[in-house]
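Report on the following structure.
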Amino acid sequence: MLLCTAAWGQPSPVSGTLGAVGSDTMAGLMLRWGEALNQRYPDITLQFQAGGSASAPTALVAGTTRFGPMSRPMTEGERQQFIERYGYPPRELRVARDALLVVVHRHNPLASLTRAQADAIFSTSLTCGGSQPIRRWEELLPPDQWPYGKIALHGRNLASGTHGLFQERALCTGQFRRDISEHPGSSAVIAAVGESPNAMGYAGYNHLNPMVRALPLVNADGIAITPSVATIQDGSYPLSRDLYLYVNLPPGETLPPAEQALIELIFSDEGQQIVQAAGFVPLPTTRRTPPLFND
């Protein structure tokens, strides 16, 4: 049974070294949680290996970690591999809110982007309803407004959960163009777009900075929604997402005290303040108690 509340309990003699492997999007957040945990419990250390979301299920199945942070949900195949190895499913905890952004240079005047347009720009498949590929800025803006020719695209690499989720939700599971410059982190995507007026990219919300502008995205009702704390928290922004922590916890067992202390921190008010400080969006207050597992 795993039960946590919004209150973080009083310090007690707890020690241990915790390991986590997974999302590089969540690397800074995990380390901040680890620092806060260490401040309260000096004998607890969190060691985090950022190998991308795809590395979390592999490490969990191999038994090299108990915690697997991911910026996307596990696929059915990843989940089945875990079940085949252990005989029970991993515990899925939704620990924060985030969003995928389509970003352009800070001076770019483009007002918004539809899903069909995003697909036509980033993919070769046109599975979201576009009639033809979009490769040049004059197909989106009059040349006198933005005379920069071919659109230079930037995105994440294959190991990233951001890559997979953008492919699923923005490209309708279509295929990415081969000429997209792939980067190991969202900060590199933001930097590349911020330096190039002809560029466009996709990245995580927590890396947004004044060098770029996040485009409002048009929802199914034809309304352009700007990414913000409010629209990401309530899910109205079309590319809002949860951030996950997968836990290897056998049925009927409880977490060791050090691991339990980390979970309690994450869902506490302090832990969610850390979420906001790291540039993500805190969970709504109604979701700050993880599920009670009755096995």
Qualifying residue in the stretch 275-282 (condition: buried (at least 20 other Cβ atoms within 10 Å of the Cβ) and more than 14 Å from the chain's Cα centre (by Cα)): no
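Conditions (1) of a type in the set (Val, Ile, Thr); (2) assigned to a loop (DSSP other than H, G, I, E, B), marked per residue:
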site	(1), (2)
Gly164	no, no
Gln167	no, no
Thr173	yes, yes
Asp179	no, yes
Val189	yes, no
Ala192	no, no
Gly201	no, no
Kindly establish whether Ser196 is modelled with pLDDT under 95 and surrounded by fewer than 20 Cβ atoms within 10 Å (Cβ to Cβ). no
Read through the list (1) assigned to a loop (DSSP other than H, G, I, E, B); (2) out of contact with any Pro (no Cβ under 7 Å at 6 or more places or on another chain), then give the number of the only condition that Tyr237 fails. (2)
Tally the residues that are touching a Lys or Arg at 6+ places or on another chain (Cβ under 7 Å) and either touching a residue at least 60 places away in the same chain (Cβ under 8 Å) or farther than 23 Å from Pro238 by Cα (or both), restricting the search to the stretch 152-175. 5
So which of Leu292, Leu243 is of a type in the set (A, V, I, L, M), under 30 Å from Gln81 (Cα atoms) and either modelled with pLDDT of 95 or more or part of a helix (DSSP H, G or I) (or both)? Leu243
Exactly one condition in (1) farther than 23 Å from Leu46 by Cβ; (2) modelled with pLDDT under 95; (3) of a type outside the set (S, T, N, Q) is false for Arg72; which is it? (1)
Look through Pro284, Pro256 and report the one residue that is within 23 Å of Asn38 (Cα to Cα), out of contact with any strand residue (DSSP E or B) (no Cβ under 6 Å at 6 or more places or on another chain) and at pLDDT below 95. Pro256
Pro256 being farther than 29 Å from Ser160 by Cβ and either in contact with a Ser or Thr (Cβ under 9 Å, 6 or more places away or on another chain) or in contact (Cβ under 8 Å) with a residue 12 or more places away in the chain (or both): yes
Among what's in the stretch 90-131 and is surrounded by fewer than 14 Cβ atoms within 10 Å (Cβ to Cβ) and modelled with pLDDT of 95 or more, pick the residue that is nearest to the chain's Cα centre (by Cα). Arg106
How many residues of the stretch 218-230 are crowded, with 19+ Cβ neighbours inside 10 Å and closer than 24 Å to Val275 by Cα? The answer is 1
Residue selected from the stretch 204-216 under the condition part of a strand (DSSP E or B) and modelled with pLDDT of 95 or more, by the criterion surrounded by the most Cβ atoms within 10 Å (Cβ to Cβ): Val212
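The values are calculated or read from the model by the stated rules, or taken from the named source; none is laboratory data. These numbers come from a predicted model, not from an experiment. Cβ: placed from backbone, ideal geometry, glycine included. Neighbour counts: every protein chain shown.
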